[in-house]
Structure formats: structure tokens, C-alpha cells
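Notes follow once the structure below has been shown.
Taken together, the values in this text are just the output of simple stated rules run on the coordinates, not laboratory data. Everything numeric in this text was worked out from a predicted model, so none of it was measured. Virtual Cβ from ideal backbone geometry, glycine too; neighbours counted across all protein chains shown.
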Amino acid sequence: MSCTADDVVAALRAGADVVAAHRGELVEMDREIGDADHGENMDRGFRAVMAKLDTSSPDTPAAALKLAATVLISSVGGASGPLYGTALLRAASAAGDAAELDGPAVAALLQSGLDGVVARGHAELGDKTMVDVLVPAAEAAGNAAEGGQDSAGVLRSAAQAAQEAAENTRPLVARKGRASYLGERSAGHVDPGARSTALLLGAFAESAGV
Ligand code: ADP
Ligand code: MG
Ligand code: MG
């Protein structure tokens, strides 16, 4: 199975649903080590993406990703909007003008998304951010693609790695973003952006039919 523009739109819809369902949880997580708005930021951004998709039908995976990127960057005030937006913009570039994405293409998309987040936010592995989820997710995706998995299998591998990786941010001391202002007191809490990345990847994988 390959991933078409319609599949990307369906994945974005699944992402909007999961973010809405976990809005309160993400707010509470961000209350512990940030400013209590991550759930609101993500929900506002994804609702704006859905609104935009009511009036436009992207005809390639890249066009769908770029639409979402542009809307997230312009509608989310927090750090997460430009970071997720940049990830999706880079993913769109990686998708090029392909009509369908196979397993290796989806893995390349994830790697490009990660590269975008790092280029924008300069976080390193272990800084307690969404990068701590994207690195193992992109690696798992690459391995799955090399093992011959299709786009759904690649997403499933990424999502599985992401769940565990988000939980692994709990003991870390934050070195980027608002949580870093807390220093040692940021330890003992899962990073909200790590959690939202894992939720999104889980939703994308489920939407791909696994
Ligand atoms: P804000 O911190 O501006 O209120 P959000 O609460 O929406 O924005 O997003 C916070 C999340 O953004 C953090 O949990 C973290 O995962 C992520 N984040 C913050 N700064 C960076 C960065 N420099 N690089 C990568 N991710 C970051
Ligand atoms: Mg916040
Ligand atoms: Mg904020």
C-alpha cells in the first residue's frame, strides 16, 4: 500500500481528532513544566488545518503537507506551531511531486521532518523535546523501510518507537523551550511536545490502516 494525497488528508484528520481528544491532557502536561497551552495550541492549529481542507483539495501528498504546514505556522502562537510547521514543510519538500509515497518515501519524509525541527529549534537528543521522539521514530521508520515494509508498516514502526520514546523523556532535565527555565524541576514529567508527537504518529499509523 502507498500513501496518496487523500491518505495524507485522512492522516491529518486523524491527527486533528487525536489532538482534540487529548487537548486537556496536553494542557495539564504543559501546566507541569511549561505554560499550560500545548493542548490549546495544537487543537487550534489542527482545527484551522481542517477548516482549510473544507475549501481546498490538495492533489499531491506534498500539497497536503504544505497546506498543513502553512496553516500551523500562521495559526499557532507557541513554539510548537513553527516547529511542527517546519517539519511538515520539509516533509513536503521531500515528497516532491510524487502522487504516491511508498515505505522508503514515508521514512524519508519523517527524517526530513526531524531535520526541519532540528534546523529550526536546535534541540539535541536528550534535551527533553519532541526531537527525543522524532529521532527514534525516524530511525525505526528507516529500518522498517529497509526491511521492505510499505507506507503503513513504516508508520506503524515509527509510532511504536514514538510511544516508548515519549515516556523516556520523563526523567530528563529540559535544556530547550520553556521547560528549561525550571532546570532540575523539569525532571519527573513527560515532555508535552514529545507526547503530542507520539499521539500524532499513532494517529497517522492508525489512519494508514494498521
Ligand atoms: P510554548 O512553549 O511556546 O508554550 P507549546 O507549549 O505549544 O509552546 O510547545 C511546547 C513544546 O515544544 C515542548 O514540550 C517541546 O517538545 C517543544 N519545543 C520547545 N522548544 C523546542 C525546541 N527548541 N526544539 C524542539 N522542540 C521544542
Ligand atoms: Mg506551552
Ligand atoms: Mg505558550
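A few notes on this one:
- Search result, residues across the stretch 177-202 that are part of a helix (DSSP H, G or I), surrounded by fewer than 24 Cβ atoms within 10 Å (Cβ to Cβ) and among the small types (Gly, Ala, Ser): SER180, GLY183, SER186, GLY202
- Test: VAL8 is within 16 Å of ligand 2 (Cβ to nearest atom) and not in a loop (DSSP other than H, G, I, E, B): no
- Residues (surrounded by 21 or more Cβ atoms within 10 Å (Cβ to Cβ) and away from ligand 2 (no atom under 16 Å from the Cβ)) located in the stretch 70-80: VAL71
- In the set (1) in contact with a Cys (Cβ under 8 Å, 6 or more places away or on another chain); (2) within 12 Å of ligand 1 (Cβ to nearest atom); (3) aliphatic (A, V, I, L, M), ALA87 fails one condition alone, (1).
- Residues that are in contact (Cβ under 8 Å) with a residue 24 or more places away in the chain and surrounded by fewer than 24 Cβ atoms within 10 Å (Cβ to Cβ) within the stretch 1-10 comprise MET1, SER2, THR4, ALA5, ASP7, VAL9, ALA10, listed in sequence order.
- Against the test of being more than 14 Å from ligand 3 (Cβ to nearest atom), under 14 Å from the mean Cα position of the chain (by Cα) and surrounded by 19 or more Cβ atoms within 10 Å (Cβ to Cβ), the options LEU67, LEU83, LEU89 yield a single qualifying residue, LEU89.
- Screening LYS128 on (1) buried (at least 24 other Cβ atoms within 10 Å of the Cβ); (2) within 14 Å of the chain's Cα centre (by Cα) shows it passes everything except condition (2).
- Number of the condition not met by LEU110 [criteria: (1) without any contact (Cβ under 8 Å) to a residue 24 or more places away in the chain; (2) closer than 21 Å to ALA11 by Cα]: (1)
- Qualifying residue in the stretch 106-122 (condition: acidic (Asp, Glu), within 25 Å of PRO58 (Cβ to Cβ) and away from ligand 2 (no atom under 16 Å from the Cβ)): yes
- Per-region count, the stretch 22-48, residues assigned to a helix (DSSP H, G or I), within 11 Å of ligand 2 (Cβ to nearest atom) and surrounded by 19 or more Cβ atoms within 10 Å (Cβ to Cβ): 9
- Residue that is out of contact with any Leu (no Cβ under 7 Å at 6 or more places or on another chain) and under 13 Å from VAL131 (Cα atoms), where the choices are ASP150, ASP191: ASP191
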